[in-house]
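The structure appears right after this line, and notes come after that.
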Amino acid sequence: MSERRLVRMGIDVGGTYTKCVAMDNETHEIIGKYEIKTTHDDKDGVAAGVVKSFQMCMEQNGIKPEDVAFVAHSTTQATNAFIEGDVAPVGVIGVAGGGLEGWLAKGQLAIKDIVLDEKVGRMIKVYNKFIKKKMLTEDVIKKNVDELLDEGAKVIVASMAFGVDSMEEEEMIHDVAEKNGIPVTMASDITKLYGLTRRTRTAAINASILPKMMATANATESSVRAAGVTVPLMIMRGDGGVMEINEMRKRPILTALSGPAASVMGSLMYLRASNAIYFEVGGTTTNIGVIKNGRPGVDYAQIGGHDTYISSLDVRILGCAGGSMVRINDKEVVDVGPRSAHIAGCEYACFTPEEEIVAPEIVMLSPKPGDPADYVAIKLKSGKMICFTNTDAANVLGLIEEKYFAHGNANAARKAMQPVADKLGITVEELATQILDKDFEKVNACINALADKYQLDHDAMKLVGCGGGAASLVPYCASKMGLQYSIPENAEVISSIGVALSMVRDVVERVIPNPTQEDIKALKKEATDAAVSSGASPDTVEVHIEIDNQTGKITAIATGSTEVKATDLLKECDEAEATELATQDFGPKVSDIHLAEKTDKFFVFEGRRDDKTPLRIVDKKGFIKVQCSDGMVAKCKVKDYKEVVEKMWKDGAVFKTDTVLRPDFFICCGPRVADYSAVDFEQIILLMDLDVGDREPDEEILIVGSVNEV
């Protein structure tokens, strides 16, 4: 009898297509794929496409309901709701004490209508009520809820001044609303950070999409259950994790920007990217984000121009991509994009049969009313209109390998571009170079801004390309910047892969000046409990702590697997294979590459570059866990770790005119790598104690110090 094969299924809801991927739970081999047009106009909305793609993928690949170990989907619904104004009116019940404190809080709790698009008057309508804390009773709450509903509210927000310290008052309001069948959000459920107005506004934004998202969640879950699948349905969050659908019913705002998040997580798993600039290149836009030490860059999202306390991937969107049209004047290429070929109703030249490109003539046009009339298209003898794009330019220059989705007929592109090259008095190759140089200007500025914000090491950076248009931009930009790049196999479904492979994630934030070890322990426990509530198996949860000394904010990021935990992604690699992976990652400028230290779970490789010692931590599955351009490594016993860290703290110091830069630290302990950014020495030891304090004193661990020079 053959062993039962468990399957992970990921569904990505894109603007055009909804794609489902089925993967072997043990090997992560792709078993099958299925895609349909995204069902924006269906009575069940995008949920219909999620269910259909899921069911057809199971059916076509012989997957039984009992074989499904994990199922999750990303969603554009939250983002689209804000873009389209498909939001419910919100009633805010604010609570505060008396005196001056209450008077100030009353003003902060009075949320104005939240404008989503000023040009078209799209907004979240907000109604407000205020109750003094000492007057808070069930009857008073019911009276205020009824009045808000009479004014037009469809969903309630409970927000208490200092509600992050005591949730009792918000819970009273929640219980009254829930008892009466009214959707409700507690501000303290969304964030535990201070900042009453911003916290209440974030809760109001969340509440505005509750009714719509709950209806979709119910439709999706019931259909998955009807298919016989019993594992929890998981939803992709905008910060790269997943949560159970029951948690989504409380905090749907966390799903905003889950599409780009899915692509990043797919890239992390498929390319073992550690420090990388991530590209998702579509036809019209390119999303660019950061992966640093195996984690995507995350920041607070802005919705409708409003700051929130919702963490999402820090993604920059550029209006240049695989299908971007070219704009010219009489002398040169003036810009590329933001309009794309499909907006103008044109095919790409390189995807047009070469024999059709006869007597090509230049046509200048405005793709949409109000656009400048400097976009160039080509009219063929047959009357057909085509245009040349970034994809055509890259094919002309021979930059796109045949294996990539963007590979096309370079001769066809060259014939279509010839009239414009003649007009500008240059060769077709020079025209193609001008086109890609315009894109590079935008991409380079974006990458430099991200590298500066996240303090990325240029020597360790790679460009990671995903999406159908990746090969049209990434190789050229990588060459210009002197960087390595990777475009994964299955790039066109990398988002679905990312959904299928994602971990459960939750985040807890607090402002605690001078935190004690007990404070950190309590925060780690709260984050662990939150991840378990979101669907993680308790024994799989790991918590990463970040401390911001300037603001006193402590962030606890908990990640874990679902109950049916995925087993090894790859077979273990030996030292020779790990050396080869590290050598590839170091690149050609690093010499004298050798194994510096190892444990039964990790290898640490050193090299030489000028006067620096670049390091790579490679785990036994072949993943590059940490990259640093200059560092040091030591193996020691747990009982001796403080002395080693103190020595690295001193030896790795870089003295600047007005400051001293200290190393970042990483500890390889058991099967995990823990990282600690350079705050003060006492805080680093505090955090390390929490991670290694309960290990056996004679257990050997690896300590890596990464020297900071920026």
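The values are calculated or read from the model by the stated rules, or taken from the named source; none is laboratory data. Fair warning: this is a prediction, and the values are worked out from it, not measured in the lab. In this analysis, Cβ positions are derived from the backbone assuming ideal geometry, glycine residues included, and neighbour counts consider all displayed protein chains. Ligands, DNA and RNA are excluded from the accessible area calculation, which covers all protein heavy atoms including side chains. Shrake-Rupley method; radii C 1.70, N 1.55, O 1.52, S 1.80 Å.
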No Cys partner within the rule (Cβ under 4.7 Å), the chain: CYS320, CYS350, CYS446, CYS466, CYS477, CYS573, CYS628, CYS636, CYS668, CYS669
In the stretch 317-382, the trypsin sites (Lys or Arg not before Pro) that fall in loop regions by DSSP, at most 10 other Cβ within 10 Å: LYS331
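List the relative contact order of the chain as a percent without decimals, with contacts defined as Cα pairs under 8 Å and 6+ residues apart.
Numbers: 1618 pairs, mean separation 75.0, N = 710.
Relative contact order for the chain comes out at 11 percent.
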Simple spin-label estimate for LYS384 and LYS639 in nanometres, 7 Å along Cα-Cβ: 7.9
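When only Cα pairs under 8 Å and 6 or more residues apart are kept, what is the percent relative contact order across the stretch 496-611? Show your work: numbers first, answer last.
Working: 153 pairs, mean separation 25.9, N = 116.
So the answer I get is 22 percent.
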Estimated [θ] at 222 nm from DSSP helical runs (n ≥ 4, -39500 (n - 2.57)) normalised by residues in the chain, nearest 500: -10500 deg cm²/dmol
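Report the full-extension gain for the segment ILE362 to LEU595: residue separation times 0.36 nm, less the Cα-Cα distance, to one decimal in nm. Kindly include the intermediate steps, with their values, before the conclusion.
Numbers: separation 233, 0.36 × 233 = 83.88 nm, distance 5.95 nm.
Stretched fully, the ILE362-LEU595 segment lengthens by 77.9 nm.
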Sum of side-chain charges, ALA105 neighbourhood, beta-carbon under 14 Å (Lys, Arg +1; Asp, Glu -1): +3
Cα pair distances exceeding 18 angstrom across the stretch 342-470, given as percent: 60
Percentage relative contact order, the stretch 602-667, counting C-alpha pairs under 8 Å, at least six apart: 18
Long-range amide H partners of ASN25 with built H, under 5 Å: LEU6, VAL7, ARG8
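By how many nm would the segment from SER479 to ASP299 lengthen if fully extended, with 0.36 nm per residue of separation less the alpha-carbon distance? Before the final figure, lay out each step's value.
Numbers: separation 180, 0.36 × 180 = 64.80 nm, distance 2.91 nm.
Length gained between SER479 and ASP299: 61.9 nm.
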Gain on full stretching of the segment that runs from LYS553 to TYR194 - 0.36 nm per residue minus C-alpha separation: 128.2 nm
Global form of the stretch 80-151, assessed from the alpha-carbon gyration tensor, a/c cut-off 1.5: oblate
Partner aspartates and glutamates for LYS142 [C-alpha distance under 16 Å; skip if fewer than 8 residues away on the same chain]: ASP150, GLU151, GLU169, GLU170, GLU171, ASP175, GLU178
Residue among LEU136, SER74, VAL13 farthest towards the positive dipole end of the stretch 1-149, charges placed on Cβ: LEU136
Cut-off under 5 Å, modelled amide H: who pairs with THR185 long-range: ILE156, VAL157, ALA158
Cut-off under 5 Å, modelled amide H: who pairs with LYS192 long-range: GLU509
Unit Cα scatterers, Debye sum, the chain: log10 I(q)/I(0) for q = 0.05, 0.07, 0.08, 0.09 Å⁻¹: -0.27, -0.54, -0.71, -0.89
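Quote the charge dipole size of the stretch 1-132 about the Cα centre in Debye, to the nearest 20; the model charges only the Cβ of Lys and Arg (+1) and of Asp and Glu (-1).
Details: 16 positive and 18 negative charges, 123 e Å.
I would put it at about 600 debye.
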Cα→Cβ-extended label distance, 7 Å offset, between SER166 and LYS650, nm: 5.0
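Using the crude model of +1 on Lys and Arg Cβ and -1 on Asp and Glu Cβ, and no other charge, please compute the dipole size for the chain relative to its Cα centre, in debye to 20.
Numbers: 80 positive and 107 negative charges, 300 e Å.
Dipole about the Cα centre, nearest 20: 1440 debye.
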Rounded FRET efficiency, nearest 0.05, which uses the C-beta distance separating ASP698 from GLU118 and R0 of 45 Å: 0.10
Options GLN683, TYR641, PHE586, ranked by Cα towards positive dipole end of the stretch 578-697, top entry (Cβ charges): PHE586
Probe 1.4 Å - accessible area at MET503, Å² to nearest ten: 80
